[in-house]
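Below is one structure, written out as C-alpha cells, with a few remarks after it.
Taken together, the values in this text are just the output of simple stated rules run on the coordinates, not laboratory data. Just so it is clear, the model here is predicted, and its values are computed rather than measured. Using ideal geometry, Cβ is built from the backbone for each residue, glycine included, and neighbour counts are taken over all protein chains shown.
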Amino acid sequence: MQCLRRLERNGLVRRTVLTSGTLGVEYAFTELGRTLEQQVGALFEWTTSHADAVRAAHATFEAAAEAD
C-alpha cells in the first residue's frame with residue numbers, strides 16, 4: 001500500500017475510491033505513468049522468465065540464514 005501511495009504522490013498512478021456496488025479502490029496509470037509502460041513491461045517479462053532462478057536464490061539465502 002505504501003508503494004502505491006508513493007506512486008500516487010509522484011503522479012504516476014491515480015487512485016479512485018469505488019463507491020457504487022462493492023466498495024474498493026482502483027489504481028490506474030496517469031499520463032505520466034504511462035510513459036513507463038514499456039519499462040514496466042520489460043521488467044515484468046524479465047521477472048516472469050527468471051522466476052525460477054529468483055526462487056532458487058531465495059531458498060539458498062534462507063538456508064544460509066538458518067545455518068548462521
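Within the set [x] 158; [y] 101; [z] 87, the number that volume of the Cα convex hull per residue in Å³ takes when calculated for this structure is listed as [x]. A Cβ-based charge dipole, computed about the Cα centre of the chain with Lys and Arg at +1 and Asp and Glu at -1, lands at about 460 debye.
Using a Gaussian network for the chain with springs between C-alpha atoms less than 10 Å apart, which of these wobbles most: L36, L12, L23? The residue that fluctuates most here is L23.
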